[in-house]
Structure formats: C-alpha cells, structure tokens
Amino acid sequence: MGKTVGVFRENEVKRLSRGDREKLKRQAIKQLQTSREIRALMKSNPKPFATIPEANKILRKKLTPVLKRMPKS
C-alpha cells in the first residue's frame with residue numbers, strides 16, 4: 001500500500017500483513033471509483049492522480065478509519 005498507491009507512507013502500513021495491504025488497496029480503488037469529490041478533482045485536473053495533493057488528502061481522510069480498524073500483524 002505504501003508504494004503501490006502512495007496514500008500512506010511505508011512506515012504507516014508496515015504493521016499490516018500482505019492480505020491486509022491488499023484489502024486496503026481494494027478499498028482505495030473503490031473510493032477512487034465512487035467518490036464524487038475525487039472524480040471531480042481528477043476531471044478538472046488532467047495531471048496524473050499521484051501528483052494531485054488535494055485528491056491524496058481526500059483519499060487519505062476516507063481510508064484512515066479503515067487502516068485503524070485493521071489488526072496489527
């Protein structure tokens with residue numbers, strides 16, 4: 001998750017197992033597809049998604065509760 005999507009730093013997700021990282025990644029992809037806020041930013045800003053700091057902040061805000069609920073491995 002740290003390197004794959006870029007929402008969280010590697011040290012924030014190092015406690016997660018491989019399966020938990022995949023779950024978090026799937027949740028991030030789901031948010032990218034369903035969040036109106038993120039889609040509006042992506043539509044208005046033609047840059048690659050990883051370089052849009054506002055989109056990263058929104059996605060991080062939505063995924064932080066998911067990360068906190070995951071068990072420590």
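The values are calculated or read from the model by the stated rules, or taken from the named source; none is laboratory data. Nothing here was measured: the structure is a model prediction, and the numbers come from that model. Please note: Cβ atoms are built from the backbone with ideal geometry, for glycine as well, and neighbour counts cover all protein chains shown. Surface areas here come from the heavy atoms of the whole protein model, side chains and all, with no ligands, DNA or RNA. Shrake-Rupley method; radii C 1.70, N 1.55, O 1.52, S 1.80 Å.
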Across 5 Å bins from 0, what is the distribution of all Cα-Cα pair distances for the chain, in whole percents?
3, 17, 29, 25, 14, 8, 3, 1
Just the accessible area per residue of the chain, please: how many Å² with a 1.4 Å probe?
72
Fraction of accessible area attributable to carbon and sulfur, the chain (%, probe 1.4 Å):
52
For the chain, what is the charge dipole size about the Cα centre, in debye to the nearest 20, if Lys and Arg each add +1 at the Cβ and Asp and Glu each add -1 at the Cβ?
200
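Beyond 26 Å between alpha-carbons counts as too far, so tell me which of Lys14/Lys47; Lys14/Lys62; Lys25/Lys68; Lys25/Lys57; Lys23/Lys61; Lys14/Lys61 fall in that bin.
Long pairs (Cα-Cα over 26 Å): Lys14/Lys47.
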